[in-house]
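The values are calculated or read from the model by the stated rules, or taken from the named source; none is laboratory data. Please read all numbers here as calculations on a predicted model, not as lab measurements. Reconstructed Cβ throughout: ideal geometry from the backbone, glycine too, with neighbour counts over all protein chains shown.
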Amino acid sequence: MEFTSRTMRCPLEKCSAMVTVQTDPDGYPSSRHLDVTACSLRPTTSFVLPARRAYLPDVAPPVSYVRDADPTPYHALTVECAKPCLAVLNAAEPGAAEPIRCTSGVADGLELVRQTQSPAITRVLWLYSV
């Protein structure tokens, strides 16, 4: 897997954004970009883990104490949005769309539906095409 930076127009915000995506260079063009790891419009938010508390076992009323406290801020590993930019980037890859092929020239309707529509729609059209 590689990390690739791209500049694109965000489908949600309608403005230019710099995104870093996890890319499979050997993958099929329509699914080459797998995940958005950074976006200039949605910066990663940092957070501090809460202090872990423990209780002294030998004390009659339970007394708590701070067991671990780490003040180092952590960053979220994912971008918090619906990530519609992945579909845009994958569609823009060269070779992402297969050319539609006609099979015989006569009654190609169901074959064209099979090549362009989802299997569910193809099944419905096939069942009611008689």
- [ ] Give me a count of the residues in the range 12-45 that are touching a residue at least 24 places away in the same chain (Cβ under 8 Å), among the β-branched types (V, I, T) and either assigned to a strand (DSSP E or B) or under 14 Å from M1 (Cα atoms) (or both).
- [x] 4
- [ ] Could you pull out the residue among L125, L77 that is modelled with pLDDT under 75 and either under 20 Å from the mean Cα position of the chain (by Cα) or not assigned by TED's automatic domain parsing to the domain that holds C10 (or both)?
- [x] L77
Open item on the list: assigned to a loop (DSSP other than H, G, I, E, B) and at pLDDT 75 or above: is that true of A60 in this structure?
Closed with: yes
